[in-house]
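What follows is a short report on a single structure.
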Amino acid sequence: MSDHANDADTFVTTLDNGVRVVVLRLPHIATAAVSVFVRSGSQHESARNSGISHFIEHMAFKGTHTRDCQQINLDAERLGAEVNAHTDRNHTAFHMRGLARDAGPFLRMLGDIVRQSSFPEAEVEREREVVLHEVTEDEDDALSTAFRLFDKACYGEHAVARPVIGSRANIRRFTRAELVAYVQRQYTGANTVVGVAGNVDDDRVVAEALAAFGDMPPGSENRVAAPDYVGGIRSRRMAGYSQLHVVLGFPIPGLLGEHESAVVAAALFGEGMSSPLLDRIRERRGLVYHADCSADVTDLCGQFVIEASTSPVHLDEYFVEVTRLLREHAESTDPVGLERARNQIVVRSLCAQEIPSQRLEIAALDLFAFGRVRSRDELMAGVAAIRPVDVRQAFARMLDVGAAVALAGKVARGAEERVAQLLAPRGP
């Protein structure tokens with residue numbers, strides 16, 4: 001084992017099989033958040049396996065070799081614990097939260113769920129229907145559809161562009177044997193982080209983690225190549241909608257690249273009611289009833305995302321104003337707006353650090369991406385170092401690359417062609 005830490009309240013050790021254990025000492029809270037993160041998400045799947053990580057997450061709680069699903073639920077709830085899980089592009093995570101004194105039992109329970117799930121055949125068939133209902137709900141939602149189309153517009157056929165939930169055909173086809181084989185292949189020590197945040201003892205946490213995960217096969221890191229940016233416009237007309245959902249964006253560097261200027265640019269452009277996007281487009285012009293801008297940065301890639309919900313009759317005017325705003329920001333930077341953006345990012349980051357489960361996830365994703373947990377000072381310094389010229393250059397680079405656009409809902413005929421014309425580079 002080897003120990004290392006950045007912040008004084010952060011302890012990290014690596015077990016002999018590659019499992020990382022991170023402990024966040026939070027003596028001021030009476031509860032403990034316990035999570036297991038596996039570097040296995042939708043970006044690691046082949047087209048044939050698309051959706052299998054999410055299906056496995058659903059099935060993990062349906063029974064192990066020693067407990068059925070009812071016993072799993074009762075064991076957690078008799079301790080007052082909350083149990084949850086989620087799947088993302090780059091990882092799957094399993095969580096429990098309860099009294100700090102029960103952190104050990106939570107680790108043992110999660111170890112059983114993550115490593116000993118039996119995937120009972122009857123439960124596979126029942127859960128298949130649950131996931132298919134979830135697919136239908138997702139497909140019926142115009143905003144979700146717009147984001148799926150946007151990912152396709154950005155990255156084409158790369159795995160990162162596929163929806164986490166997978167395809168309906170795959171969900172109908174997955175067998176118990178496929179689920180078991182995928183877990184055996186993906187769930188290894190090199191791809192697992194065990195985390196505990198709360199008023200807990202480092203040595204006791206490590207001892208429990210060693211007992212639950214120490215004999216996990218080491219394996220090798222689940223890595224995939226970064227996607228190439230495609231760009232372009234995709235749309236889907238959906239019956240029953242009177243509004244139009246628009247997602248417009250650009251590629252930006254991932255976590256391992258110089259992404260901070262794009263993160264600041266997104267906050268400057270469209271975070272908060274006083275931001276230029278909301279002030280001009282919503283408050284002064286009334287072109288949308290919802291708008292937002294964000295930077296989605298992962299280990300593999302990043303996306304600068306502007307989303308809006310509007311009326312089809314306002315589509316052209318919306319794109320005229322948004323592209324004008326983007327060009328303005330490539331030419332000049334408002335110092336007050338930059339101050340607002342920096343402070344919003346700092347406060348947002350600190351708020352996340354104050355939520356044990358979020359801080360654990362940030363630490364786990366740092367370990368997957370960097371092999372270490374970045375300190376709070378390091379996170380803040382990256383934003384503070386961004387100069388006005390860095391922000392202008394971030395906007396200019398995005399405009400040079402060209403936008404990816406998705407439209408969903410009440411899409412009028414010829415909308416794609418009009419948007420393409422509005423986004424076309426201006427002459428000298």
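The values are calculated or read from the model by the stated rules, or taken from the named source; none is laboratory data. On a predicted model such as this, the values are computed, not experimentally measured, just so you know. Here Cβ is always computed from backbone atoms with ideal geometry, including for glycine, and neighbour counts include all displayed protein chains.
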Legend entry - One residue from A415, A363 being closer than 30 Å to A239 by Cα and in contact with a strand residue (DSSP E or B) (Cβ under 8 Å, 6 or more places away or on another chain): A415
Legend entry - Selected residue (only one of V313, V346 is over 20 Å from F269 (Cβ atoms), in a helix (DSSP H, G or I), more than 18 Å from the chain's Cα centre (by Cα) and not hydroxyl-bearing (S, T, Y)): V313
Legend entry - Condition met for V22 (touching a Gly at 6+ places or on another chain (Cβ under 6 Å), assigned to a strand (DSSP E or B) and under 27 Å from I355 (Cα atoms)): yes
Legend entry - Criterion (among the charged types (D, E, K, R) and not in a helix (DSSP H, G or I)) met by exactly one of R108, R97, R101: R97
Inset, instruction - Kindly list the number of the only condition in (1) more than 30 Å from T14 (Cβ to Cβ); (2) in contact (Cβ under 8 Å) with a residue 40 or more places away in the chain that fails for F370. - result: (1)
Inset, instruction - Determine whether region 139-148 contains at least one residue that is assigned to a helix (DSSP H, G or I) and either out of contact with any strand residue (DSSP E or B) (no Cβ under 9 Å at 6 or more places or on another chain) or loosely packed, with under 15 Cβ neighbours inside 10 Å (or both). - result: yes
Legend entry - Number of the condition not met by H91 [criteria: (1) closer than 14 Å to T175 by Cα; (2) buried (at least 17 other Cβ atoms within 10 Å of the Cβ)]: (1)
Legend entry - I171 being touching a helix residue (DSSP H, G or I) at 6+ places or on another chain (Cβ under 7 Å), over 30 Å from L287 (Cα atoms) and crowded, with 20+ Cβ neighbours inside 10 Å: yes
Inset, instruction - Assess whether R392 counts as being out of contact with any Leu (no Cβ under 9 Å at 6 or more places or on another chain) and outside any helix (DSSP H, G or I). - result: no
Legend entry - Complete set of residues in region 25-46 that are touching an Asp or Glu at 6+ places or on another chain (Cβ under 8 Å) and not in a loop (DSSP other than H, G, I, E, B): R25, A32, S35, F37, S42
Inset, instruction - Take the residues in region 94-117 that are within 24 Å of the chain's Cα centre (by Cα) and basic (K, R), then tell me which one is nearest to V200 (Cα to Cα). - result: R97
Inset, instruction - With respect to R48, determine if the residue is touching a strand residue (DSSP E or B) at 6+ places or on another chain (Cβ under 7 Å), modelled with pLDDT of 95 or more and in the same structural domain as R126 (by TED's automatic domain parsing). - result: no
Legend entry - Flag for A266 being within 30 Å of R327 (Cα to Cα), in contact with a Pro (Cβ under 9 Å, 6 or more places away or on another chain) and at pLDDT 95 or above: no
Legend entry - Identity of the residue in region 67-94, of a type in the set (S, T, N, Q) and assigned to a helix (DSSP H, G or I), that ends up farthest from H28 (Cα to Cα): Q70
Inset, instruction - Tally the residues that are outside any strand (DSSP E or B) and in contact (Cβ under 8 Å) with a residue 12 or more places away in the chain, restricting the search to region 398-419. - result: 12
